[in-house]
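A quick write-up on the structure given underneath.
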Amino acid sequence: MSARPNEPRGRPNPETAIVVSYVPLLTGEPGRTVSADDPGIAELLRRADNCPRGHVEGCLWLPSRSMTWGEVMPIFMMDQAHAIADHLCEWAEGKPGEWFTLCFTEQMGRYLAILFPNVNRSIACFKVGSFASYEEIVTAKDCKVLFRPLCFVSVTGHGFDLDLKGRIPDSSEIGFVDTRNVDPIEPFIEGEVIKTIGPFPVCWDCRPRGVDIGGFVDEQVASRNALDRR
């Protein structure tokens with residue numbers, strides 16, 4: 001967080017620093033960081049809580065013109081899809097492939113497609129920004145990152161292994177389509193209803209850029225299983 005005009009520079013030493021990384025449609029000062037006792041933290045958390053949850057309702061698959069013949073790319077079907085895609089690119093300063101990884105994994109008969117932010121880079125930017133503001137490296141005893149990935153969890157019996165898994169390239173674009181533009185009976189889509197961004201590096205080991213997301217995957221699958229039992 002940049003020093004304000006005429007604000008004396010000095011080295012803060014918060015017990016806990018909160019780094020605001022990617023949250024769908026959350027706007028504000030780029031690279032903002034706040035301490036846990038900042039009076040504005042409650043408002044920030046309230047605004048983040050009102051943002052989309054990152055839930056991808058459906059994942060369709062189409063060939064991409066920029067890929068080799070036979071390769072496919074995922075199409076994320078979700079509410080406010082185009083707005084989220086635009087915001088994501090703006091948040092990543094036009095380089096979404098440097099800020100996000102497209103992760104695939106399978107668990108309990110389901111597959112997941114997760115667009116996960118580069119949280120390590122967010123922390124690094126926090127340190128650089130702190131140095132620029134205070135002319136010293138700010139070191140908090142605890143550093144927490146506020147972020148929200150985009151995530152799709154499939155139904156069981158999906159056929160991902162049979163038809164799709166081997167056709168996903170090492171670097172893939174993602175299409176975004178609004179739920180209201182897809183017929184649930186015949187989900188055929190094309191043209192301007194799809195907004196395509198990327199490409200993104202593809203990860204298969206639940207460790208995008210070295211960050212273990214196994215716990216997040218477990219939570220998502222458990223939540224979907226619970227929902228299906230209702």
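The values are calculated or read from the model by the stated rules, or taken from the named source; none is laboratory data. Note that the structure is a prediction, hence the values are computed from the model and not measured. Don't worry about glycine lacking a Cβ; one is built from the backbone with ideal geometry, like all the others, and counts go over all protein chains shown. Side chains included, ligands, DNA and RNA excluded: accessible areas come from the protein's heavy atoms. Shrake-Rupley method; radii C 1.70, N 1.55, O 1.52, S 1.80 Å.
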(request) Mind grabbing the accessible area of residue 41 for me, 1.4 Å probe, Å², rounded to tens? (result) 20 Å²
(request) Sort 110, 207 by accessible area with a 1.4 Å probe, largest first. (result) 207, 110
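Dipole magnitude of the range 74-230 about its Cα centre, charges +1 at Lys/Arg Cβ and -1 at Asp/Glu Cβ only, in debye to the nearest 20?
Using Cβ point charges on Lys, Arg, Asp and Glu, the range 74-230 gives about 480 debye.
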(request) Note down the accessible area of residue 204, probe 1.4 Å, to the nearest 10 Å². (result) 100 Å²
(request) Give, as a single signed number, the net charge of other residues whose beta carbon lies under 14 Å from the beta carbon of residue 88, with Lys and Arg counted +1 and Asp and Glu -1. (result) -2
(message) Let me cross-check residue 27: its accessible surface, 1.4 Å probe, with only protein heavy atoms counted, in Å² to the nearest 10?
(response) 90 Å²
(message) Quick check: Cα centre of the range 54-114 to Cα centre of the range 181-209, how many Å?
(response) 4 Å
